[in-house]
1. Indicate the gyration tensor shape class of region 8-73 (rounded, prolate or oblate), computed on the Cα atoms with a ≥ b ≥ c the square roots of the eigenvalues: a/c under 1.5 is rounded; otherwise a/b larger than b/c is prolate and the rest oblate.
2. If you take the beta carbon distance between residue 8 and residue 131 as r and set R0 to 35 Å, what does 1/(1 + (r/R0)^6) give as a FRET efficiency, to the nearest 0.05?
3. Normalised by the residues of the chain, what does the relative contact order come to in percent, with Cα pairs under 8 Å and at least six apart?
4. Scattering from the C-alpha atoms of region 102-151 alone, worked out with Debye: what is log10 I(q)/I(0) at q = 0.18, 0.25, 0.31, 0.32 1/Å?
5. Would you please report the Å³ per residue occupied by the convex hull of the alpha carbon atoms in region 4-144?
6. Describe numerically, in nm with one decimal, the distance between label points set 7 Å from Cα along Cα→Cβ at residue 145 and at residue 15.
7. Taking 22 Å as R0, compute the FRET efficiency from the Cβ-Cβ separation of residue 26 and residue 91 and round it to 0.05.
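Nothing in this text is a laboratory measurement; each read-out follows from the coordinates by a stated rule. Note that the structure is a prediction, hence the values are computed from the model and not measured. Here the Cβ is made from the backbone with ideal geometry for all residues, glycine too, and neighbour counts use every protein chain on show.
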């Protein structure tokens, strides 16, 4: 590991691999057998389930929940800040939640507060603006439900 920064109160499970130039912020929980790609940023209090794999340049926002056995393609982003256009006040993150057994392609953005249902596949370049139905393929900008995937 070269230039990996791990802040305070981080829990990392067994047999994990963390890529170069990755930042893991305070309070993050990472399950067993997780592979984190290079140039990732995992923001405070996020959790990543066991058997999950991220490729390079992913940004996992604060308080996010990424399930077990998830694949995140390169440049995945799930911003938790939905305060644009809102009155100024206390910031409260509203992260996306990615359920178990999900596959997410390259350069996917999940807008704040959305839930990616179990077993979904999200096509490369998609922008997910609504919750997804479990076990469906979605793609596009905005992402649309395409078809059911085999369970």
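1. Working: a/c = 1.25, a/b = 1.06, b/c = 1.17.
It comes out rounded by the Cα gyration axes.
2. Values: r = 33 Å, r/R0 = 0.95.
According to the calculation, E is roughly 0.60.
3. Details: 507 pairs, mean separation 19.4, N = 151.
Answer for the chain is 13 percent.
4. -0.42, -0.84, -1.29, -1.36
5. Expressed per residue, the convex hull around the Cα atoms of region 4-144 is 88 Å³.
6. For residue 145 paired with residue 15, the spin-label model returns 3.6 nm.
7. Values: r = 16 Å, r/R0 = 0.74.
Computed FRET efficiency for residue 26 and residue 91: 0.85.
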